[in-house]
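S.K.: Below is the structure I would like to discuss, written out as structure tokens.
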Amino acid sequence: MDYQQAIDYLSSYTDYEVVPRLAHNAANYDLRRVEELLSRLGNPHLKARSIHIAGTNGKGSTAAMIASALTASSYTTGLYTSPHLHTWRERIRIDGELISEVELAALVESLKPEVEVVNQRATYGRLTTFELLTALAFAHFAAKGGDFQVLEVGMGGRFDATNVINPEVGIITSISLDHTEVLGNSLAEITAEKAGIIKPGSIVVTSPQPDEAAQVIEESCLSAGAQLVRVGSDVTWRSLSSDLSQQRFCVAGRLDNYELSIPLLGQHQLANAATAVATLEVLAEKGFNISRDSITNGLAQVSWPGRLQILSRQPFIVVDGAHNPDAARRLRESVEQYFDFDRAILVIGASDDKDIAGIATQLVPLFNKVIITRSHHPRVMAPAAIIAEFAKHSVEAQVVDDIPSALSEALALAGERDLICVAGSLFVVAEVIEQVGRGSLKSRF
């Protein structure tokens with residue numbers, strides 16, 4: 001089996017990133033089938049210490065920061081995230097290195113007979129693409145002798161395929177309304193699903209939350225007898241300075257004070273970094289060899305593309321995967337804070353389950369011109385639906401059928417002191433990054 005055959009095999013199963021998701025309950029997402037598969041593989045998920053991260057926004061960035069600091073602490077560290085920007089291999093990394101095509105193909109080949117036994121029995125339903133990927137990640141980390149595995153929840157938490165571990169620490173990053181058709185229509189309902197990662201007697205770190213979400217997390221921890229560390233009160237941060245390449249800031253932790261820098265923009269990334277520090281301190285309290293220097297070095301070296309990433313200057317081309325109203329608000333605030341420009345042009349496309357009304361409301365005040373486009377992803381939102389939402393704000397958006405043409409149109413409209421922002425979907429962002437990389441435009445810093 002070669003790499004493409006492996007990807008085709010994984011894609012042949014039900015993929016809820018491509019097709020509409022079923023109701024989020026135990027009948028449709030039965031973790032016992034994941035546990036059955038992992039048992040047949042020798043329980044690789046139990047080989048490394050786990051850090052488990054749920055949330056609406058910021059969980060990928062926080063996961064990347066924690067993994068980078070653990071690697072800087074000389075621990076062999078696996079990182080499992082989703083979705084990917086350019087290649088499936090991005091989802092499974094060891095010490096920052098993507099799983100190779102050969103490794104992924106070999107793992108799928110060894111996994112295949114066990115998957116087919118589990119699915120033939122179908123005692124607890126049939127495995128999905130995400131469940132297979134999760135098992136692959138565990139198997140890869142075990143094969144590489146991972147000390148730690150940092151696991152980002154795919155969606156929700158309670159019934160997510162990653163929720164088969166007993167973590168050293170669980171993390172809940174910022175929660176807002178997203179995936180409402182599956183997780184619930186209120187912050188309380190959504191938070192309850194994400195709080196499903198909280199294990200009895202565990203330690204939980206939470207990012208700053210809306211009151212409604214914070215209350216659910218506190219009640220869940222109390223019920224489970226879990227210790228709660230609150231970022232924003234138990235651990236705080238303060239911005240020092242920033243430019244277009246980094247942010248410098250202080251974190252006052254429970255064990256120490258830190259002066260740090262990260263090569264990521266946005267005030268929200270400072271909250272994510274403080275959450276990472278709070279988590280690393282929990283591990284240090286447990287006796288793991290994590291020093292102030294390794295935290296400092298790890299955060300300084302973190303890489304997390306597609307989030308307020310500058311691809312070019314004169315004009316600025318900035319991409320951000322903001323795909324819900326809260327992320328869109330943070331994007332708007334960050335662009336206003338960090339960039340000096342004359343006019344702002346928005347290139348936007350979204351998946352069909354996103355709250356485009358809320359996203360449009362947040363972005364309209366900033367942008368002089370809006371270009372609507374679509375990625376190649378099967379669950380793309382029809383441009384007409386996006387046009388209608390911007391029209392409610394008296395914005396006459398232009399539709400351009402494909403991303404290369406949309407980027408060309410934006411560049412034709414932009415002067416040297418203008419800013420082009422691409423947002424709404426990581427799939428759109430990924431295609432723009434690839435387009436800029438292939439074309440005559442190169443990053444200029």
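S.K.: With a point put 7 Å past each Cα toward its Cβ, work out how far residue 43 is from residue 376 in nm, to one decimal.
M.R.: With each label placed 7 Å out from Cα toward Cβ, I get 4.2 nm.
S.K.: With springs only between Cα atoms under 10 Å apart, run a GNM on the chain and tell me which of 54, 271, 67 wobbles the most.
M.R.: Maximum fluctuation in the GNM of the chain, among the listed residues, is at 271.
S.K.: Continuing with the same structure: Among 172, 106, 245, pick out the residue whose Cα is farthest towards the positive end of the charge dipole of region 3-300, where Lys and Arg carry +1 and Asp and Glu carry -1 on C-beta, about the Cα centre.
M.R.: 106
S.K.: Now a separate question. Hey, what number do you get for the chain at 222 nm if only DSSP H runs of n ≥ 4 count, each worth -39500 (n - 2.57), divided across all residues, to the nearest 500?
M.R.: Values: 15 runs with 178 residues, N = 445.
The helix-only estimate for the chain comes to -12500 deg cm²/dmol at 222 nm.
S.K.: OK, next. I need to check one value: relative contact order of region 309-438, counting alpha carbon pairs closer than 8 Å and at least 6 residues apart, in percent. Can you show the working numbers first?
M.R.: Working: 259 pairs, mean separation 50.8, N = 130.
Relative contact order of region 309-438: 39 percent.
S.K.: Counting DSSP beta bridges with both partners in the chain, what percentage is antiparallel, nearest 5?
M.R.: Numbers: 21 of 58 bridges.
About 35 percent, rounded to the nearest 5.
S.K.: Under a straight-distance cross-link criterion of Cα-Cα below 22 Å, which lysines are reachable from residue 392, leaving out those fewer than 8 residues away in the same chain?
M.R.: 354, 369
S.K.: From the P(r) of region 309-438, could you give the percentage of C-alpha pairs in the tail past 17 Å?
M.R.: Working: 4238 of 8385 pairs.
So the portion of pairs separated by more than 17 Å is 51 percent.
S.K.: Can you list the residues, at least 5 places off or on another chain, whose amide H is less than 5 Å from the amide H of residue 317, using H built in the peptide plane?
M.R.: Placed amide hydrogens put 311, 312, 420 under 5 Å from residue 317.
S.K.: Just to be sure I understand the rule: take each whole DSSP H helix in the chain, project its Cα atoms onto its long axis, keep it if the span is 24 Å or more and its mean Kyte-Doolittle hydropathy is at least 1.0. Which ones pass?
M.R.: Numbers: long enough: 101-121 (30 Å, 0.03); 267-285 (27 Å, 0.45).
Helices meeting the span and hydropathy rule in the chain: none at all.
S.K.: On each of the three principal axes of the Cα atoms of region 35-121, give max minus min coordinate, whole Å, ordered largest first.
M.R.: 40, 30, 25
S.K.: Gaussian network model of the chain, Cα springs within a sub-10 Å range: biggest mean-square fluctuation belongs to which of 86, 140, 52?
M.R.: Of the options given, 86 has the highest mean-square fluctuation.
S.K.: In whole Hz and in residue order, list the ³J(HN,Hα) couplings for region 85-100 that follow from phi through the Karplus curve 6.51 cos²θ - 1.76 cosθ + 1.60, θ = phi - 60°; x for Gly and Pro.
M.R.: 8, 10, 9, 4, 4, 4, 6, 10, 9, 10, 6, x, 8, 5, 4, 6
S.K.: Quick check: residue separation of residue 101 and residue 122 times 0.36 nm, minus the Cα distance between them. What number comes out in nm? Don't jump to the answer; show the numbers that get you there.
M.R.: Numbers: separation 21, 0.36 × 21 = 7.56 nm, distance 2.94 nm.
Net length gain for the segment: 4.6 nm.
S.K.: Same structure, new question: So if I take the centroid of the Cα atoms in region 252-313 and the same for region 321-335, what is the distance between those two points in Å?
M.R.: Centre-to-centre (Cα) distance: 21 Å.
S.K.: Using modelled amide H (1.01 Å from N, peptide plane; none on Pro or chain starts), what sits under 5 Å from the amide H of residue 424, excluding residues fewer than 5 places away?
M.R.: Distant-sequence amide H within range of residue 424: 322.
S.K.: Amide H to amide H, which residues 5 or more places from residue 205 or on other chains are under 5 Å from it, using H placed in the peptide plane?
M.R.: Result for residue 205 returns 170, 171, 172, 229.
S.K.: Here's something else I'd like to know. I'd like the distance between the alpha-carbon centres of region 97-169 and region 367-421, rounded to an integer number of Å.
M.R.: Centre-to-centre (Cα) distance: 37 Å.
S.K.: Just going by the charge dipole of the chain, with Lys and Arg at +1 and Asp and Glu at -1 on Cβ, which of 267, 419, 213 is farthest out on the positive end?
M.R.: 267
S.K.: From the Cα gyration tensor of region 3-300, with a ≥ b ≥ c the square roots of its eigenvalues, which class applies: rounded if a/c is under 1.5, or else prolate if a/b is larger than b/c, or else oblate?
M.R.: Numbers: a/c = 1.78, a/b = 1.38, b/c = 1.29.
Cα axes put region 3-300 in the prolate bin.
No value in this document is a laboratory result; all are computed from the given coordinates. Computed from a predicted structure; not experimentally measured. Reconstructed Cβ throughout: ideal geometry from the backbone, glycine too, with neighbour counts over all protein chains shown.
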